[in-house]
1. From the list 225, 235, 262, which residue is at pLDDT 95 or above, farther than 30 Å from residue 157 by Cα and in contact with a strand residue (DSSP E or B) (Cβ under 8 Å, 6 or more places away or on another chain)?
2. Please state which of the following conditions residue 327 fails to meet, knowing it meets all the rest: (1) farther than 24 Å from residue 28 by Cβ; (2) touching a residue at least 24 places away in the same chain (Cβ under 8 Å); (3) within 16 Å of ligand 2 (Cβ to nearest atom).
3. Give just the number: which of (1) under 19 Å from residue 182 (Cα atoms); (2) acidic (Asp, Glu); (3) in contact (Cβ under 8 Å) with a residue 40 or more places away in the chain; (4) within 16 Å of ligand 1 (Cβ to nearest atom) does residue 213 not satisfy?
4. Sort out for me the helices (runs of 4 or more DSSP H) sitting completely within segment 94-161 that have 1 or more residues that are within 16 Å of ligand 1 (Cβ to nearest atom) and free of Cβ contacts under 8 Å to residues at least 12 places away in the same chain.
Amino acid sequence: RVVTIRVNIVHNRMMGDLEVEKHVQFILSVEKKKDDFESVVMEHIRINGAYWGLTSLDLLGKLGVVDQDEVISWIMKCQDESGGFGGNIGHDPHILYTLSAVQVLALYDKLDALDIDKVSSYVSGLQNEDGSFSGDIWGEIDTRFSYIAICCLSILGRLEKLNVQKAVAYIVSCKNMDGGFGCTPGGESHSGQIFCCVAALAITGSLHHIDKDLLGWWLCERQVKSGGLNGRPEKLPDVCYSWWVLSSLIIIDRVHWIDKEKLAAFILNCQDKENGGISDRPEDAVDVFHTFFGVAGLSLLEYPGVKAIDPAYALPVDVVDRIFIGRR
Ligand code: GRG
Ligand code: ZN
């Protein structure tokens with residue numbers, strides 16, 4: 001009984017530390033502001049912003065504060081005739097925005113609003129002969145796009161439209177001596193690319209290509225004195241790496257190699273306790289991108305009051321379960 005009471009006290013204190021209501025208000029305010037500097041900068045990636053904001057709300061148990069029909073009808077208007085989605089209405093399609101559109105529809109259990117074959121043909125059409133993926137018709141190649149294609153088609157139940165074997169071989173060709181991955185063969189290891197490659201290998205059942213101890217060592221070395229994580233050696237810590245690094249560590253089963261409490265304290269320190277939102281580092285300006293990665297990081301750390309997020313699909317676990325259990 002004494003133990004139970006103590007656990008509850010710690011639990012309540014932690015709950016109090018995350019400013020749930022303020023973050024909800026911050027996310028809503030970003031959505032409403034249309035004319036200020038941040039909105040202008042965000043205009044071309046509004047669909048990514050919608051994914052970050054709405055997934056944060058769902059993780060906090062507050063998805064209901066946004067008008068679902070309005071979001072879905074706007075998302076559908078961002079689709080191009082190719083089947084891909086743009087960052088906003090009338091913008092050129094790109095694989096980055098297509099995944100965000102699919103993820104938001106998945107949050108609302110509205111994947112059936114899509115012509116699934118059309119979207120998956122757009123994505124599979126971006127695969128190149130060597131197994132890599134371009135982001136759009138202009139051809140930039142990056143392991144980010146490999147992850148997006150694999151994640152997107154897995155959610156849509158159309159992985160067979162890809163050459164998965166070649167896709168995996170290309171990702172493996174981007175693996176470095178330090179156990180990490182870069183954006184193209186020979187590219188420097190970076191935590192963002194590592195997340196993409198590790199999550200793509202997890203989704204395709206190909207984790208045997210990873211040396212988990214070697215990569216786990218490189219990833220846990222990303223934790224600095226303040227408790228935050230950086231993206232590569234000698235760089236500053238940043239809240240978004242609480243997602244890129246931590247999700248990778250969880251997928252390869254090495255999360256116990258970092259100090260989870262110190263990381264949670266670092267994230268909580270990056271909150272704007274007055275007006276809501278989370279920044280990259282303590283005292284910096286908040287934005288919806290780092291608010292999402294802060295909340296998602298706390299979710300991976302099993303912070304009380306935050307729903308669990310899937311480390312490979314970057315969607316709440318209940319959403320991922322609904323997709324895959326529903327399909328069985
Ligand atoms: C669904 C979560 C999700 C992702 C979709 C877009 C994408 C797939 C993945 C992006 C992976 C990536 C490359 C992330 C890194 C982003 C970042 C903070 C880049 C900054 O790099 P530098 O070099 O910063 O400017 P550092 O921290 O190294 O100084
Ligand atoms: Zn960042």
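1. Result of the check over 225, 235, 262: 262.
2. Result: residue 327 fails condition (3) only.
3. (4)
4. none
The values are calculated or read from the model by the stated rules, or taken from the named source; none is laboratory data. All values reported here derive from a predicted model rather than from experimental measurement. Reconstructed Cβ throughout: ideal geometry from the backbone, glycine too, with neighbour counts over all protein chains shown.
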